[in-house]
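Presented below is the structure to which this report refers.
The values are calculated or read from the model by the stated rules, or taken from the named source; none is laboratory data. These numbers were taken from a predicted model, which means no experiment stands behind them. Cβ placement follows ideal geometry from the backbone for every residue including glycine, while neighbour counts extend to all protein chains displayed.
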């Protein structure tokens, strides 16, 4: 696991590296954006000058500046209306150039922000797909979804609006400083002298806003988690009449979110007024002193107007920063949350020279396998057994004994803490991970179906399967008969999580999915546990067809489903406590016999 904490956050260099990596593919667009920003900045700097010409050279009696002599087709000295026309035309030209530059700015910035958000979303999702199941055992799905959606959207919004405004302002301030010093250097020193204190003031409050925003984002993630859990379990919620409980849980985290947001508001509300008052004080001083200079003919009215315009624009980046402190803080928090996922190293390692297993024979050997969730939770301590190719094995044990963990090591959902799992004599970690998993079929207790057609759900195990192979797999799984009765057959849409199908129908589609995969190793996790008698018979018949010629490992909760297994392995206390056939283990009178006796007694009618 990464050692980045929510409170400490990802290092600034790490954030900058992430942002720069995302921008590299769009550096051409970034150059266009920067060029447009330069034009936009130049037009912003030029904006007040036509008014200066009107005030000083048209209304006033000052001579036009020498640089206007380049306009030889205009009588600058004899006809003031012609000079006014030039100033008016300049206003339009400056506005047009500025508008075109702003359009290019906005157009390409939005394009970059959309594609950066797409790339970031895919990068995070790709990383999540490669994390081991251990990561999901300790992290809320709702929090992950919040990061993948809300945090990416926050970064995208800032990139498309906030970044543009701040960069334009920063470029403008550099140009204004030069002109302000040229116009009146002591006035310019007022702005330069006040700015560091304003920036320090904003930076201090920005840290407080960021801390408060951390809390808001954490509670917002909790809201997503609560809503997701309630909606995913809506049938159970309604069945037990616990709607009020779910609403109370949402109300609790929602109130916590409101409280955190209001705490952040107390800080944010102080920033903009404080900056505005400071700017007003500086402007008032310049206006008062400048008026005296104008009255004494030291400064022209136009020059004072230009200077006041520049002064208001000079403080704009600081004002924007104050107003955007919340957005900046949210963006920083979002980058940290995304960075925390990307920095998580709970990924099953793959060797550079990992080999393709080809078609496995199906031999599986566990040699002194141990596994633990962290240092405190030891699940397996010393597991040893061998499964021959084509053998059918049942894995049983008391609740929490680790039987599911044992089987999960075959497809490398988890790797042993120590020891080795060998497939066809090769350490499973030496195989290419995806190629290894293609050699394994799965039928789980609750078959997961995806929103899509029945055809797509069956082909999920092997996307390249032909229609003929899909139909044949459904026939062998005893699913073709109910699919054929549907209005759209194999093109019938399946509801989310297969809710439009019965449990038996979902399991038979899951079996068809395993059949079309045609893998030499098959893992079954009590696929008939939740079925009625009629559905169980159909599913068991389909499973018998599926199991032929394959190495089969069944995690059994109902021991009657594995009575005919070649061998039964009993896991208890982190080791293999017993193994043998059903009859042998019952005669042994150990753990398996106790489990079997308990199930037989619970299944017997009362008083029998």
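For region 101-151, the candidate set comprises residues that are over 30 Å from residue 225 (Cβ atoms) and out of contact with any helix residue (DSSP H, G or I) (no Cβ under 8 Å at 6 or more places or on another chain); within that set, the residue that is surrounded by the fewest Cβ atoms within 10 Å (Cβ to Cβ) is 103. If only residues of region 429-441 that are over 28 Å from the mean Cα position of the chain (by Cα) and buried (at least 20 other Cβ atoms within 10 Å of the Cβ) are counted, the one that is nearest to residue 504 (Cα to Cα) is 441. Listed by first and then second residue, the pairs linking a residue in region 80-109 that is without any contact (Cβ under 8 Å) to a residue 24 or more places away in the chain to a residue that is part of a helix (DSSP H, G or I), with Cβ atoms under 6 Å apart and 6 or more places separating them unless they lie on different chains, are 80/58.
Here residue 400 fulfils each of the conditions (1) crowded, with 16+ Cβ neighbours inside 10 Å; (2) within 27 Å of residue 441 (Cβ to Cβ); (3) out of contact with any helix residue (DSSP H, G or I) (no Cβ under 7 Å at 6 or more places or on another chain); (4) modelled with pLDDT under 90 apart from (1).
Looking across region 446-482, the residues that are more than 13 Å from residue 513 (Cβ to Cβ) and buried (at least 17 other Cβ atoms within 10 Å of the Cβ) come down to 471, 475, 478, 480, 482. Mind checking whether some residue in region 495-509 is buried (at least 16 other Cβ atoms within 10 Å of the Cβ), modelled with pLDDT of 85 or more and assigned to a loop (DSSP other than H, G, I, E, B)? Scanning region 495-509, I find no residue that is buried (at least 16 other Cβ atoms within 10 Å of the Cβ), modelled with pLDDT of 85 or more and assigned to a loop (DSSP other than H, G, I, E, B), so the answer is no. Within the bounds of region 63-74, is there any residue that is in contact with a helix residue (DSSP H, G or I) (Cβ under 9 Å, 6 or more places away or on another chain) and modelled with pLDDT of 75 or more? No - not one qualifying residue is present in region 63-74. Number of residues in region 416-439 that are under 19 Å from residue 362 (Cα atoms) and outside any strand (DSSP E or B) equals 13.
Whenever a residue of region 170-197 is over 22 Å from residue 299 (Cα atoms), its partners that are modelled with pLDDT under 70 and buried (at least 17 other Cβ atoms within 10 Å of the Cβ), lying with C-beta atoms within less than 7 angstrom and at least six residues away or across chains, give the pairs 170/317; 173/317; 195/318.
Looking only at residues of region 21-42 that are closer than 17 Å to residue 313 by Cα and buried (at least 18 other Cβ atoms within 10 Å of the Cβ), we find that the one that is modelled with the lowest pLDDT is 41.
Comparison of 375, 329 shows that the only residue that is at pLDDT below 80 and in a loop (DSSP other than H, G, I, E, B) is 375.
Tell me, please, whether a residue that is modelled with pLDDT of 90 or more and either in contact with a helix residue (DSSP H, G or I) (Cβ under 9 Å, 6 or more places away or on another chain) or surrounded by fewer than 21 Cβ atoms within 10 Å (Cβ to Cβ) (or both) can be found in region 522-530. Checked against the condition, which is being modelled with pLDDT of 90 or more and either in contact with a helix residue (DSSP H, G or I) (Cβ under 9 Å, 6 or more places away or on another chain) or surrounded by fewer than 21 Cβ atoms within 10 Å (Cβ to Cβ) (or both), region 522-530 yields at least one hit.
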